[in-house]
Amino acid sequence: APQCPTSVSGDPALNVKRWAEDEDEEGEDWGFDLDESSGKLPVKEQPTDDVLLQLQLRRPGASSPEQDLDWDANSEDGHPPAERQDSRSQRIATTVPPDLKKFSEDGHSAQLDMDEIEVPANKRISRPQVVRPEDLRGSGSTTTFQDRFGKYQENQMDDELLDLDIDGNEDEEGEALQLVLRKKLRGQEERERKQSTGSWSEAEDPFADDQQMQLESLGLHGDGFAMVEAEMLRLCTQLDPEGDPDEQMQACQALEQLLLYHGEQKQNLIVHHQVLPLLEMLDSSRNEVVVRALRVIHEAVTNRQRQASGDYTGDIGIIGPLVDNMLTVGLVHRLLNLCSRDLSPAADEFTGAVVQNAALVLHSLCWGAEARHVGTIVACQGIPVLVNMLSSDPPLNHLAVECLWRIINLPPPTPKTDFCRLLARGKAAKKLAALLDNAFAEYRQSLKDKKGAAQGTGWFDVSVQQADKVASIFLLFSQADKVVKEDMAQPIVLQTLLGIVATVTEDLHHVLAGASIKILKALRNLSGDPNSLKALQEAHAVKLLVPLLSIHANNKSKLASEVENQVMLALYNLCKISKVRQEQAAQAGIVVSLQRLIKSNSPLRQLAIPLLCDLAHGTDACRKALWVYDGLSFYLTLLGMKYWDHVALNCVAVWLASAKDKRPFEKVLMRENNVKILTQTIIDADPVAASKLVPPLMNILECERLNQLLGKSQLVSELLKRLLNHDHQAVERKNILHCIRLMYERAPDPKSFITTHNLMEVLARVVNTDESLLVRERANELMQATLVNTVI
């Protein structure tokens, strides 16, 4: 039995054949081949590659949904492909379905060689009575026209319609045609009469202008247009969901081809009240009939513009009044029910074709219709159905992403966050993450197989474009409310996203590179949400993000710079208030990356400096990592940076205070260059900065050997000078007295320390002149302690 493929296989060009003419039968029989035993649709008729074509026609980054792929201006002759088509394509009507590739009238296309397709000599559907434009314009032989419509003739003498059937047997075709022609004739006579008397109004016939303009543009006048309308009405009256499947398939096929060649007849479905009977065909119990009905509906609601040469422009439009009518009588509800069918292996063999065709119609409505039409899909609970389709195989998942992207970007008043919340309620994040991961996996596999260039088209190209849209959706998720962020913060989602960004390289496809940046931005936004920090920690976000700083260290490309920016922002949010995540970052090697950013005067050093300083206040593992990269000396280099000097000195003091064995640290700090840096920092500090430097200096002076070395430097004289300066606050002067006392008590020769710095005289002036009682008391205590050495 024929199978319904749910994914693309083989050459896409060989799967898009819609119909073929049998030249041996002089073009009289055309249409789909049927299986001789079952009368069902053949495998090659399935619409998988129609979907691929429709997705490929959508230009990435287009300003409007209707924009499509353009021709290459640098082609061989500098003209669009439309001007190089065969002259016969000029005779095709102005409307075509958006899921067909540039078919000309003879069944050929620019991408499909019909000679390569074998047409089995089995049962064929008889050619439907479709009137082509050239038949009505009088081009070609008149025999075809007379053979087909010779028994109907208009008497030009008295404008009466005569039936010239010599057998006297009027069939259904004749009755329908007679009815339509008489109706048009009476309408024309009535309009002429009212116009002559001045009582005619445009409001009496709302379709008159549209029909007249369409007739004039196509060169259809008189009974030619009416005969096509009669044929369409005859086919519509044959539609019956409970009828014989073969007959219903033939009627649907003929109606589809009629609408293909005569797009001006589409709105007559409303005039003759045939919209609801057409939709009722979707209720048929036979899936192959439903497939045919879906193709008719897709052809009826879509409109593809044509150039003068007959070539397709690629612009997909929607016939508004017809869509309004179909939506009103339940099109969306039926489409969503069809898209929700089970695609398990136990399902009917044509179920996949039904779902794909229904999804294709839904996709056309989303991208070609107006915002109010798309809103109808949302109102009919279309988002949960589209979310379920995300886990399907191509092309269903691609169609679902396209539809969701269109819904999310609907114009106001509905905000994007509301649509994101609806997606989150349907647990869309997990399925979107899997879809995104598949696109990156396909690309990595193509590079491994050295076929990346060859896979730039087809489904691979579609997957790449979908990856960018999915990444944009995640970026919106990260800026939405709590419910949406909770859905995005699932462990499996975060692990997938982090695994994708961890493999960002320079040879990545430019679209995938852009998608990677959007994912990093989404993770950065999520790191700013307190409720998501624990989830990011459990997903090992810090360990996966830190290596990205070193991977792009020597790269000056725009991609490397953007990756570095987003990673630093995310790590800053993650590590700022958590010692556990600070330890994870230190063990992952963040110290060397932070030092590099600070030395290079990168704008990111405003984030790197506080993050590096926080490590000194972290766990022993953090300080151990700092020691490996000479973090103590690096902190001293930060003393020369304005606004960060007191922060760096405080890091040194905290590190010394937490160390069990201070000798290794003293050895580093007692280096001549480091002592000079400490002294000069205090000397150059203004009163405001000095008030922040003295407290950590008190902790550093607790180290005895370093204390003795600083006591011999200019630091003592500078501190005494600031003690006598009343511009400093009382608390600062009190702290200065404490520093002087520490150096005096640990001096190798206290008496020499007193005489060298004239300590007694300075303390006496403070006791007698300082305004602060607390300062005077501390100065008096120090002076009493020095009396012993003074007397001796």
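Select from the stretch 480-520 the residues that are assigned to a loop (DSSP other than H, G, I, E, B) and without any contact (Cβ under 8 Å) to a residue 60 or more places away in the chain and list them in ascending order.
Going through the stretch 480-520, the residues assigned to a loop (DSSP other than H, G, I, E, B) turn out to be 480-481, 489-490, 502-509.
Selection gives Ala489, Ala502, Val504, Thr505, Glu506.
Of all the residues that make up the stretch 763-789, how many are surrounded by fewer than 17 Cβ atoms within 10 Å (Cβ to Cβ), in contact (Cβ under 8 Å) with a residue 40 or more places away in the chain and closer than 12 Å to Leu723 by Cβ?
2
Among the residues in the stretch 661-670, are any under 16 Å from Pro696 (Cβ atoms), open to solvent by less than 50 Å² (accessible area, probe 1.4 Å) and not in a helix (DSSP H, G or I)?
No, every residue in the stretch 661-670 fails to be under 16 Å from Pro696 (Cβ atoms), open to solvent by less than 50 Å² (accessible area, probe 1.4 Å) and not in a helix (DSSP H, G or I).
One line per residue, one yes/no per condition, for (1) modelled with pLDDT of 90 or more; (2) within 20 Å of Ser691 (Cβ to Cβ):
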position	(1), (2)
Lys712	no, no
Leu719	yes, yes
His726	no, yes
Glu732	no, yes
His738	yes, yes
Arg741	yes, yes
Asp749	no, no
Leu759	no, no
Thr769	no, no
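Mind checking which pairs have a first residue in the stretch 626-638 that is closer than 19 Å to Leu607 by Cα and a second that is outside any helix (DSSP H, G or I), Cβ under 8 Å, 6 or more apart or different chains?
Correct list of pairs: Leu638/Trp644.
Within the stretch 714-721, is even one residue touching a Phe, Trp or Tyr at 6+ places or on another chain (Cβ under 6 Å) and among the small types (Gly, Ala, Ser)? Explain how you work it out, then say what you get.
First pass over the stretch 714-721, keeping only residues touching a Phe, Trp or Tyr at 6+ places or on another chain (Cβ under 6 Å): none.
Within the stretch 714-721, not a single residue is touching a Phe, Trp or Tyr at 6+ places or on another chain (Cβ under 6 Å) and among the small types (Gly, Ala, Ser).
Against the condition free of Cβ contacts under 8 Å to residues at least 60 places away in the same chain, part of a helix (DSSP H, G or I) and closer than 17 Å to Leu701 by Cβ, how does Met760 come out, does it pass? Working first, answer last.
On the way: free of Cβ contacts under 8 Å to residues at least 60 places away in the same chain: yes; part of a helix (DSSP H, G or I): yes; closer than 17 Å to Leu701 by Cβ: no.
Judged against the criteria, Met760 is not a match.
Could you give every pair whose Cβ atoms fall below 6 Å, whose first residue belongs to the stretch 373-402 and is closer than 19 Å to Ala353 by Cβ, and whose second residue is of a type in the set (S, T, N, Q) and open to solvent by less than 10 Å² (accessible area, probe 1.4 Å), counting only separations of at least 6 or pairs across chains?
So the pair list comes out as His398/Gln466.
Out of (1) open to solvent by 10 Å² or more (accessible area, probe 1.4 Å); (2) touching a residue at least 24 places away in the same chain (Cβ under 8 Å), the odd one out for Pro696 is which?
Single failed check for Pro696: (1).
So, in the stretch 737-759, how many residues would count as being open to solvent by 20 Å² or more (accessible area, probe 1.4 Å) and farther than 12 Å from Leu709 by Cα?
11
Within the set of pairs 6 or more residues apart or between chains, which connect a residue that is open to solvent by less than 40 Å² (accessible area, probe 1.4 Å) inside the stretch 342-356 to a residue that is modelled with pLDDT under 85 and outside any loop (DSSP other than H, G, I, E, B) with Cβ atoms less than 7 Å apart?
Short answer, once both residue conditions are applied: Gln356/Thr48; Gln356/Val51.
Cβ-Cβ under 8 Å, sequence separation 6+ or interchain: first residue in the stretch 310-328 and assigned to a strand (DSSP E or B), partner among the acidic types (Asp, Glu) and at pLDDT 85 or above. Which pairs?
Cβ pairs passing all conditions: Ile318/Glu370.
Condition test on Lys579, is it crowded, with 19+ Cβ neighbours inside 10 Å, out of contact with any Asp or Glu (no Cβ under 7 Å at 6 or more places or on another chain), in contact (Cβ under 8 Å) with a residue 24 or more places away in the chain and charged (D, E, K, R)? Step through it out loud before you land on a result.
Working: crowded, with 19+ Cβ neighbours inside 10 Å: no; out of contact with any Asp or Glu (no Cβ under 7 Å at 6 or more places or on another chain): yes; in contact (Cβ under 8 Å) with a residue 24 or more places away in the chain: yes; charged (D, E, K, R): yes.
Answer is no for this residue.
What's the total number of residues in the stretch 226-251 that are among the basic types (Lys, Arg) and either at pLDDT below 90 or in a loop (DSSP other than H, G, I, E, B) (or both)? Spell out the reasoning first.
Pass one, the stretch 226-251, residues among the basic types (Lys, Arg): 234.
Then drop every residue that is not either at pLDDT below 90 or in a loop (DSSP other than H, G, I, E, B) (or both), which leaves none.
Count: 0.
Results for (1) outside any helix (DSSP H, G or I); (2) in contact with a Cys (Cβ under 6 Å, 6 or more places away or on another chain); (3) open to solvent by 30 Å² or more (accessible area, probe 1.4 Å), shown as yes or no for each residue.
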{"position": "Leu399", "(1), (2), (3)": "no, no, no"}
{"position": "Cys403", "(1), (2), (3)": "no, yes, no"}
{"position": "Pro411", "(1), (2), (3)": "yes, no, yes"}
{"position": "Thr414", "(1), (2), (3)": "yes, no, yes"}
{"position": "Thr417", "(1), (2), (3)": "no, no, yes"}
{"position": "Asn438", "(1), (2), (3)": "no, no, yes"}
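Spot the failing condition for Val301; the list is (1) open to solvent by 10 Å² or more (accessible area, probe 1.4 Å); (2) within 22 Å of Trp367 (Cα to Cα), and only one is missed.
(1)
Could you list all residues from the stretch 349-377 that are more than 11 Å from Val291 (Cβ to Cβ) and not in a helix (DSSP H, G or I)?
Those that are more than 11 Å from Val291 (Cβ to Cβ) and not in a helix (DSSP H, G or I): Glu349, Ala369, Glu370.
Report, ordered by the first and then the second residue, all pairs with beta carbons closer than 6 Å, sequence separation of six or more or different chains, a first member in the stretch 248-276 that is open to solvent by 20 Å² or more (accessible area, probe 1.4 Å), and a second member that is in a loop (DSSP other than H, G, I, E, B).
Within 6 Å, the pairs are Gln250/Ile125; Leu276/Val329.
Only residues that are on the phi > 0 side of the Ramachandran plot and modelled with pLDDT under 90: list them for the stretch 411-464, please. Please lay out each step first, then the result.
Step one: of the stretch 411-464, the residues on the phi > 0 side of the Ramachandran plot are 427, 450, 458.
Residues satisfying the conditions are Lys450, Gly458.
The values are calculated or read from the model by the stated rules, or taken from the named source; none is laboratory data. None of the values given here were measured: they were computed from a predicted structure. Positions of Cβ are generated from backbone atoms using ideal geometry, with glycine treated the same way; all protein chains shown enter the neighbour counts. Quick note on the areas: whole protein, heavy atoms, side chains included, nothing else; ligands and nucleic acids left out. Shrake-Rupley method; radii C 1.70, N 1.55, O 1.52, S 1.80 Å.
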